[in-house]
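Q: Before I ask anything, here is the structure I am working with.
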Amino acid sequence: MPDAPPHAELNDIRRLLADLSGPDGDAGAAAAAHQGQLTKPAGALGRLEELAIWLATWQGRHPPRLERPLTAVFAGNHGIAARGVSAYPAAVTAQMVKNFLDGGAAVNQLCGFAGSDLRVYEMALDAPTADFSAAPAMSEADCARAMSYGMMAVEDGIDVLMLGEMGIGNTTSAAALCHALFGGSAADWVGRGTGIDEARLAHKIALVETSVARHRAAMADPLETLRHVGGLELAAIAGAILAARRARVPVLLDGYACTAAAAVLHAADPHALDHCQVAHVSAEPGHGRLLQRLGKRPLLDLDMRLGEGSGAVLALLLLKAAVACHTGMATFSQAGVDGPA
């Protein structure tokens, strides 16, 4: 069940952000104690050990389970795309959604391989956000509605949620969000996205710089920042992360655009993403800088920059490895192996 109705206002979202559930310390302690009894030197499995404890802590149970993973991909169109910030036309968003539904995209293959269900959510593709270089990207009602829609993606009974996006122009929106939330220059946050040339890159940087300056006075808090320079699919991702927190569902975030959406919640509460891991660091240069700001260490670094949840689903395999070792390995006493002195 969603945490907020479709007619929610941003103040409803603010109230939810002010009432976040915390970690389950007992489940985390049980996982850590069990980890210490497994037939290996302490810490020998590195981050796999940390991931098993993290899963138990945020699922609120020990042992952790990964029987029902879910990948949710949100697709939205951006008015800023009409300003020539991408190598592809906006029509590609809908074309790629059809490709997802037909099973032909990378995320389909990865979900099949990793054993994840896949849901694709279209965010009013025939009604793109406004060109935020000229006006706020979304009305308050549209932003709140998109966040509420994202909340509904958190289905009952899922063990982990992988999040991804599709939307021509969304790396421009991501860069604008990061520039507005964390400062620096626009050039710090803007990358080549779909592979634009030098002239278009310079144009993209200038658009982000002037757009954020245009809206600066009106961006009174992180949700207003999202409303002014974000996108419908990015708002939905933020909503899904919030609902997952309240439902005790750990989250794997994909690349730059997905993490930029999550950063809105971090800017509102530095602990709002404690139930999230960042699956990989994108080849987009702003992503690494953003992860430093968020204090997040990515699980993978494969020079990927595809989006559509591809990196998040790939990282699911690491979670499965962590759970397999945590739940399947013998303890010292079970194996008749002497423990550490």
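The values are calculated or read from the model by the stated rules, or taken from the named source; none is laboratory data. Source: prediction; values computed, not measured. In this analysis, Cβ positions are derived from the backbone assuming ideal geometry, glycine residues included, and neighbour counts consider all displayed protein chains. Remember, those area values only see protein heavy atoms, side chains included, never the ligands or the DNA or RNA. Shrake-Rupley method; radii C 1.70, N 1.55, O 1.52, S 1.80 Å.
Q: Name the residues in the stretch 88-127 that are buried (at least 18 other Cβ atoms within 10 Å of the Cβ) and polar (S, T, N, Q), would you?
A: Passing the criteria: 93, 99, 108, 116.
Q: Take the stretch 184-196 and flag every residue that is modelled with pLDDT of 95 or more and open to solvent by 40 Å² or more (accessible area, probe 1.4 Å).
A: Hits for the stretch 184-196 are 184, 185, 187, 188.
Q: How many residues are open to solvent by less than 10 Å² (accessible area, probe 1.4 Å), in contact with a Leu (Cβ under 8 Å, 6 or more places away or on another chain) and part of a helix (DSSP H, G or I) if we restrict to the stretch 223-255?
A: So the count comes out to 12.
Q: Okay, moving on. How about the stretch 21-64: which of its residues are of a type in the set (A, V, I, L, M, F, W, C), at pLDDT 95 or above and surrounded by fewer than 16 Cβ atoms within 10 Å (Cβ to Cβ)?
A: Matches in the stretch 21-64: 29, 33, 44.
Q: Something else: What residue, among those in the stretch 277-297 that are assigned to a helix (DSSP H, G or I) and touching a residue at least 24 places away in the same chain (Cβ under 8 Å), is most open to solvent (accessible area, probe 1.4 Å)?
A: Going through the qualifying residues, I end up with 293.
Q: Related question: So how many residues does the stretch 313-341 have that are within 28 Å of residue 113 (Cβ to Cβ), out of contact with any Cys (no Cβ under 6 Å at 6 or more places or on another chain) and assigned to a helix (DSSP H, G or I)?
A: 15
Q: Assuming residue 196 fulfils every condition listed in (1) assigned to a helix (DSSP H, G or I); (2) under 14 Å from residue 172 (Cβ atoms) apart from one, which condition is it?
A: Going through (1) assigned to a helix (DSSP H, G or I); (2) under 14 Å from residue 172 (Cβ atoms) one by one, residue 196 breaks only (1).
Q: Residue 165 passes all but one of (1) closer than 15 Å to residue 261 by Cα; (2) open to solvent by 10 Å² or more (accessible area, probe 1.4 Å); (3) outside any strand (DSSP E or B); which number fails?
A: Answer for residue 165: the failing condition is (3).
Q: Out of the residues in the stretch 71-87 that are assigned to a helix (DSSP H, G or I) and among the aliphatic types (A, V, I, L, M), state the one that is least open to solvent (accessible area, probe 1.4 Å).
A: So, considering only residues that are assigned to a helix (DSSP H, G or I) and among the aliphatic types (A, V, I, L, M), the one least open to solvent (accessible area, probe 1.4 Å) is 80.
Q: A follow-up question, please. Tell me, which helices (runs of 4 or more DSSP H) lie completely within the stretch 1-70 with 1 or more residues that are farther than 22 Å from residue 239 by Cα?
A: 25-35, 47-59
Q: Only one of 269, 274, 303 is within 17 Å of residue 182 (Cβ to Cβ) and surrounded by fewer than 19 Cβ atoms within 10 Å (Cβ to Cβ). Can you tell me which?
A: Unique residue meeting the criteria: 269.
Q: Next question, about the same structure. Would the stretch 303-326 turn up any residue that is touching a strand residue (DSSP E or B) at 6+ places or on another chain (Cβ under 8 Å), closer than 25 Å to residue 70 by Cβ and polar (S, T, N, Q)?
A: yes
Q: For the stretch 143-153, indicate whether the set of residues that are more than 23 Å from residue 266 (Cβ to Cβ) and of a type in the set (A, V, I, L, M) is non-empty.
A: Taking every residue of the stretch 143-153 in turn, none turns out to be more than 23 Å from residue 266 (Cβ to Cβ) and of a type in the set (A, V, I, L, M).
Q: Examine the stretch 256-266 for a residue that is within 13 Å of residue 13 (Cα to Cα), at pLDDT 95 or above and open to solvent by less than 10 Å² (accessible area, probe 1.4 Å), and state whether such a residue exists.
A: yes
Q: Next question. Could you tell me whether any residue of the stretch 319-331 is open to solvent by 10 Å² or more (accessible area, probe 1.4 Å) and without any contact (Cβ under 8 Å) to a residue 24 or more places away in the chain? Spell out how you get there, then give the answer.
A: Of the stretch 319-331, the ones open to solvent by 10 Å² or more (accessible area, probe 1.4 Å) are 320-321, 323-325, 327-331.
If we keep only those that are without any contact (Cβ under 8 Å) to a residue 24 or more places away in the chain too, we end up with 324, 328.
Checked against the condition, which is being open to solvent by 10 Å² or more (accessible area, probe 1.4 Å) and without any contact (Cβ under 8 Å) to a residue 24 or more places away in the chain, the stretch 319-331 yields at least one hit.
Q: Okay, moving on. Would a scan of the stretch 198-213 turn up a residue that is of a type in the set (A, V, I, L, M), surrounded by 24 or more Cβ atoms within 10 Å (Cβ to Cβ) and touching a residue at least 40 places away in the same chain (Cβ under 8 Å)?
A: no
To keep it simple, each residue is scored yes or no on (1) open to solvent by less than 30 Å² (accessible area, probe 1.4 Å); (2) modelled with pLDDT under 95; (3) touching a helix residue (DSSP H, G or I) at 6+ places or on another chain (Cβ under 6 Å).
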{"residue": "149", "(1), (2), (3)": "no, no, yes"}
{"residue": "158", "(1), (2), (3)": "yes, no, no"}
{"residue": "161", "(1), (2), (3)": "yes, no, yes"}
{"residue": "174", "(1), (2), (3)": "yes, no, yes"}
{"residue": "182", "(1), (2), (3)": "no, no, yes"}
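Q: Can you say whether residue 220 is part of a loop (DSSP other than H, G, I, E, B), out of contact with any Ser or Thr (no Cβ under 8 Å at 6 or more places or on another chain), open to solvent by 10 Å² or more (accessible area, probe 1.4 Å) and under 25 Å from residue 92 (Cβ atoms), as far as the supplied structure shows?
A: For residue 220, the condition - part of a loop (DSSP other than H, G, I, E, B), out of contact with any Ser or Thr (no Cβ under 8 Å at 6 or more places or on another chain), open to solvent by 10 Å² or more (accessible area, probe 1.4 Å) and under 25 Å from residue 92 (Cβ atoms) - is not met.
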